[in-house]
1. Could you look through region 31-40, keep only residues that are surrounded by 15 or more Cβ atoms within 10 Å (Cβ to Cβ) and of a type outside the set (A, V, I, L, M, F, W, C), and pick out the one that is modelled with the lowest pLDDT?
2. So which of S6, S15 is among the small types (G, A, S), open to solvent by 20 Å² or more (accessible area, probe 1.4 Å), more than 13 Å from L93 (Cα to Cα) and in contact with a helix residue (DSSP H, G or I) (Cβ under 8 Å, 6 or more places away or on another chain)?
3. Only one of these is farther than 25 Å from W99 by Cβ and open to solvent by 60 Å² or more (accessible area, probe 1.4 Å): E76, E82, E22. Name it.
4. I need the full set of residues from region 20-41 which are in a helix (DSSP H, G or I) and touching a residue at least 24 places away in the same chain (Cβ under 8 Å), in order please.
Amino acid sequence: MPHSLSNLALQLVQSTLNRVLETYPRHPYQNAFSIPDLRQRLLAYVLNHIPSCYVSVDGLTTRNQPEKVYAEFADEHAETVELFTRIGIDEILAIHGDWVCDRIPNSTECHAIDLPSHWFG
């Protein structure tokens, strides 16, 4: 019987990160964390602040009921994960702000386009 390990903490952090980032403006937050290196840093930051949780998944049966274990883990840690996701977003952008500005295309033009004086040409 093949077994595999599933990292429930990683699943929770990834889904929370996606949901939280949707509440932030596209520029610079969503654009910055679409950069794989920064996204990995944010994942690592949050994972370092929450407990790990792995479940062994049996390929033939559902004896371990990973969905139930995940739901319990998510219920218990959802607020903490969201808090550290928001803190991590702020800290990582504060540390790597200049690096991000160099890699997000047209970052200065995006600010100018958003101003009402530029809406009418």
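The values are calculated or read from the model by the stated rules, or taken from the named source; none is laboratory data. If you're wondering where the values come from, they're calculated on a predicted model, not measured in any experiment. Here Cβ is always computed from backbone atoms with ideal geometry, including for glycine, and neighbour counts include all displayed protein chains. In case anyone asks, the SASA skips ligands and DNA or RNA and just uses the protein heavy atoms, side chains included. Shrake-Rupley method; radii C 1.70, N 1.55, O 1.52, S 1.80 Å.
1. Here the residue is N31.
2. S6
3. When all the criteria are applied, what remains is E76.
4. V20, L21, H27, P28, Y29, N31, A32, L38, R41
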